[in-house]
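Here, each number is a calculation from the coordinates, and none is a lab measurement. These numbers were taken from a predicted model, which means no experiment stands behind them. Every residue, glycine among them, receives a Cβ derived from its backbone with ideal geometry; neighbour counts consider all protein chains shown.
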Amino acid sequence: MKKIEAIIRPEKFNIVRDALTELGYPGMTVTEVKGHGSQKGISEVWRGRRYRVDLLSKIKLEIVVKDSEVEKIVNTIISESQTGSIGDGKIFIFNVENVYRIRTKEIGEAAV
Amino acid sequence: MKRVFNKKTISVWLLLITVGLLFNLGTVAAADPSGASTYSDSIGGLKYAVNFSWTLLGAFLVFSMQAGFAFLGGFLRQKNMLSYMAHCFIDSTFGAMVFYFFGFALMFGGSKLAPGLDSGTPFVGNDGYMLLGNSYDVQTIMFWLFQMVFATKTVSIIAGAVAERLKFGAYLTYSFLVCGLVYPIYGHWVWGGGWLSTLPFGAGVKDFAGCACVHTVGGILALCGAIVLGPRKGKFNPDGSPNPIPGHNLVYVVIGTFILAFGWFGFNAGSTLAATDLRIAVVASNTFIAAAAGATIMLFLTWAMTGYIDVPYICNGALAGLVAITAPCAYVAPWAAVVIGVLAALAMRGTIWLVEVKMKVDDPLGAVAVHATNGIWGMLAVGFFADGTYGGVSGLITGSGWQLLAQFIGTIVAMAWSFAWGFAIFSIMRYHMNLRVSDLVEYEGLDIHIHGTPCYPVESGIVSLGGVPIEEVRKADEEQTSLLERAMSKDATREKIYSDKLGRWVYALVKPSKATPKK
Amino acid sequence: MKLKRYSLSILVTCVLIASVRTALAGDPGGALTYSDSVQGLKFSVNFAWTLLSAFLVFNMQAGFTFLGAGFVQKKNALNYLAMSFMDFCIGALIFWLFGFALMFGGSKLTPGLLEGNRFIGYSGFLLLGDSYDVHTSVLWMFQIMFAATACTIVTGAVAERFKFHAHIIYSMFLCGVMYPVFGHWMWGKGWLETLPFGVGARDFAGSGVVHGMGGLVAFIAAWLIGPRFGKYNPDGSANVIHGHNLVYIVIGTLILIFGWFGFNAGSTLAVTDLRVSVIAVNTLLSAAAGAVTLIYLSYFMTKKSDIIMACNGALAGCVAITASGAYVPHWAAIVIGLIASLTTRLSLYFIENKLKIDDPVGAISVHGANGLWGLLSVGIFSDGTYGGVRGVIVGSYWQLLSQFIACVTLIAWCFGMAFLFFFVLKRLLGLRVPVNIERSGIDTYEHGTSCYPGS
């Protein structure tokens, strides 16, 4: 099993979530994060002076899925959240040792 | 613009202004600018003093309503809060300037309500520009302050319906025109001694504190603006069903309602312009009773209809009652205020359904429902419930239907006037300058793009240190921004399908493209 | 610690002395002042007006609180709120004890204020004896709000790094010594008011006395305390440390303008003086002009309509018109507001970038600079229709000279006294909190809790 951690633009979050739900993967963990890669930041104004803000708001999606489904989900996320502009985000794939469902005590792939 | 504002031009202008000022020697033309000839140590003089204090305090209270309007921005999303607050704040300042320069003169010239307001026709006034000459008089100026805070309320109503998607330049333009032309001219007809106030039916059109002049005019203009501007992205689905777009802070909404209700005492009770007119007690009580009745009926209605006690609706119900009682507050008995408040809230609820579901118009704050409908209802209520105990205004309950006819005419004229001007202003602006902000700006929020800073810069503890933007980065910035613009526009026009799984409309899936490793 | 021990005994002694004179009083019940006649009703109406105006000015404290809270960082918000709240309370007590007496003794404005000379007053201590009178109480009520405003202005400029205890002592000093003495010169029939040029220096509702003093003391305080950690880089360039909530800033401005109606129009102390309407309108027009000027200017300069600048502009207009509101025509109020907002913008740049003084809320620029401009504007734009004050636009230059002398005196007094006071306080107590506290937030250090406990 793999955990897909996707950092995407906040404006794209609803689109990505709807697409994933349509595909059949409704479960996810969502966090609001700040950060930047090579994106230079945006320009803001305070008390009449322009200045640069380099910590930008993003959304982090975390989904745990079976190995066979990773490619389909990653491609969906990429195609739904891509704009072509710097700051679209990144996707990281992690290995998951085990998964437990708390309500039914299922273990492994059945719990995903 | 840089060419106009260099050092040499500025110094030339300063020199001209100074010379001009220096030549203005001698005494100043005025009626009674210090109050010395109006006031005297007598009953008559004290009467002036008491009425001045009452009216001025009423004006200050109405000004404080601006903070209440600003707080209602809790209905909007966090990313657009600052732009709405900017609208409310600039309304009270920019609108005041416009009203000072010529709005007041167009509205009250010829009304003879105070010194220096002598020339005008039944259709438009023409005296009192910039409060100079004979209108530089303490009475006229007190009157100006009171009327100006009313004018700024009219413009603020429109801000609620066009929030979250209007360009700032368009906002300044419509503020200028509404405060300078639309509001004053209709106001002249009703309050400035114009043709509506002298209709031969009943006592003429009676609008005590501004149902028609402020709320109907403002509400209908808001409706026109919302129609021409179009709905927010994501508000309506392809089949026309509306989506709820929740606000970001309901504490602000409740506080805003409190501040508005508090200021409404000045709005209504101050409109007697005199504390020696003891009817102010009835006016103030009617005001509050209608607010309470409107809120209470919404409490029970939402409880019955949805099982939840819906706080925003209760607040809007109170505001609906306040709007509706604005015209009849001086003319009706308290029991009538209860009826008016209850029916006002119900009318508001009905209008929200009508505007959002039937007409498919997006009104973020419910401005049209609260102000337009209840402005109309309040005017008609005068014709129904006025009991003749004040001002010779008798309505249907005393057996006379003429007042109702006059009120009806006044309302129809207000609606026609506002619709005509509203569509004209907004349509012409849409043609020339494209009213809406770009899709990128609408998605990311007006605050950052138009005002340069988010409204709540730090939600969590993470603070970003800033530096001065480097010139070389600017070109790269522009490229990236245009890429983003194109992507956002594509999103805005994407096909949507109805998803049974989610029970709502979603974007149709695009063909997923394969991710390729870089060689 | 020594100060604390002695202050209690001083207080007890004062009360004992005062209690001896309690039997004597002016007219504490109002029965002698009021009568069912035109004169009596005149008192009633004017009392009502002045008291309501005092309540409006008190409302400005809420406005300042909102405004400053929005400008400071989230971790320091509670400290600013506490300073803003407490300086009013402490200032009120000190002003009652002896500040009012120093300020208005000898002015003969109301009963019990007979003794004083051109430099200081000395009657009306603890509002006892002949000053225990309804009319004097109304005056006191109105004046304390002004003193509280002056105190609060400085709080904004020293926020986020000032020791709370140092702040308390500073409030006592300002409300007890600095503000009353200068106020006496300007309003208590002191030497500035009775200058032989024009009609003497005029400051109608306190541009100089309240705002100018607040701003200039803020200048010295912010300079001596030093900038916040991380504000200035080694090469001297300034970093932006932005506030945490802009809703508070806009709401604070609206509440302040609302209260300013009481500040200016109430300063007639009488609604039988019908000039109040002109004053109220001038206040609003100046605020409006200031806001509109800066919203356009900020757009031309940065391509963004900066609402914070518009708020600062509105307040700048209010400050400047505070001196001249009663004396100028309306078009002049607009000009005054326009120039005030431009002064603020220039001053913000100058103080932050050239003088390298860190001012979180812009108090020095909004209040100090425009306090001085307000004083000068009386000499330029007064048109002679009220109080015999004639300015340059009607051909008289002497008033401007009086106003200029008042400006110079204000600067000398504020800079001198504030420098002495803060210098001594720095040696005795230390003005700043430790650096690591400044970085992690003063709220928990000084007050035990953060401003937003749950988050």
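Observations on the structure shown:
- Peptide C:293-305, shielding by other chains (average Cβ, 10 Å cutoff): 5
- Entry note, region A:2-111: relative contact order of 41 percent, from Cα contacts under 8 Å with a spacing of 6+ residues.
- About its Cα centre, region B:43-440 has a charge dipole of approximately 600 debye under the convention of +1 per Lys or Arg Cβ and -1 per Asp or Glu Cβ, with nothing else charged.
- Between the helical axis of A:70-81 and the longest alpha-carbon principal axis of chain A there is an angle of about 30 degrees.
- Options C:S286, C:G243, C:I255, ranked by Cα towards positive dipole end of region C:223-366, top entry (Cβ charges): C:G243
- Chain C, relative contact order [Cα under 8 Å, separation at least 6], %: 21 percent
- Distance-filtered residues of region C:424-441 - backbone nitrogen under 18 Å, label point 7 angstrom along C:H447 Cα→Cβ: C:433-434, C:437-441
- Put the Cα centre of region C:170-244 next to the Cα centre of region C:337-373 and the gap is 12 Å.
- The mean of 1/r over all distinct Cα pairs in chain B, once inverted, gives the Kirkwood hydrodynamic radius of 25.0 Å.
- Computed about the Cα centre, the dipole magnitude for the protein assembly as shown is approximately 2400 debye when only Lys and Arg (+1) and Asp and Glu (-1) carry charge, each at its Cβ.
- Normalised per residue, the volume of the convex hull around the Cα set of the protein assembly as shown (Å³): 199 Å³
- Ranking B:L273, B:F89, B:V393 by how far each Cα lies toward the positive end of the dipole of region B:43-440 (charges on Cβ) leaves B:F89 at the top.
- Cα-based helix-to-principal-axis angle, B:217-229 vs chain B, degrees rounded to 10: 20 degrees
- The convex hull drawn around the Cα atoms of region A:2-111, when projected onto a plane and averaged over every direction, covers 8.6 nm².
- Once C-alpha pairs closer than 8 Å and six or more residues apart are averaged by separation and normalised to the residue number of chain B, the relative contact order reads 18 percent.
- Excluding same-chain neighbours fewer than eight residues apart, the lysines reachable from C:K74 by a Cα-Cα span under 26 Å are A:K34, A:K40, A:K58, A:K60, B:K79, C:K163, C:K231, C:K304, C:K356.
- When each of the peptides B:143-149, C:205-211, A:14-20 is scored by the mean number of other C-beta atoms lying within 10 Å of its residues, the order from highest to lowest reads C:205-211, B:143-149, A:14-20.
- DSSP bridge orientation in chain B - percent antiparallel, rounded to nearest 5: 80 percent
- Per-residue mean of C-beta atoms belonging to partner chains within 10 Å, peptide B:132-141: 4
- With loop membership from DSSP and a limit of 16 other Cβ atoms within 10 Å, the longest segment of chain C without trypsin sites (Lys or Arg not before Pro) is C:119-302.
- Charge dipole (the protein assembly as shown, unit charges on Cβ, about Cα centre) - positive-most of B:V332, B:I141, A:G89: A:G89
- Diffusion coefficient of region C:30-445 by Stokes-Einstein, Kirkwood radius over Cα pairs, 20 °C, 1.002 mPa s: 101 µm²/s.
- In a reduced charge model with +1 at each Lys and Arg Cβ and -1 at each Asp and Glu Cβ, chain C shows a dipole moment near 960 debye about its Cα centre.
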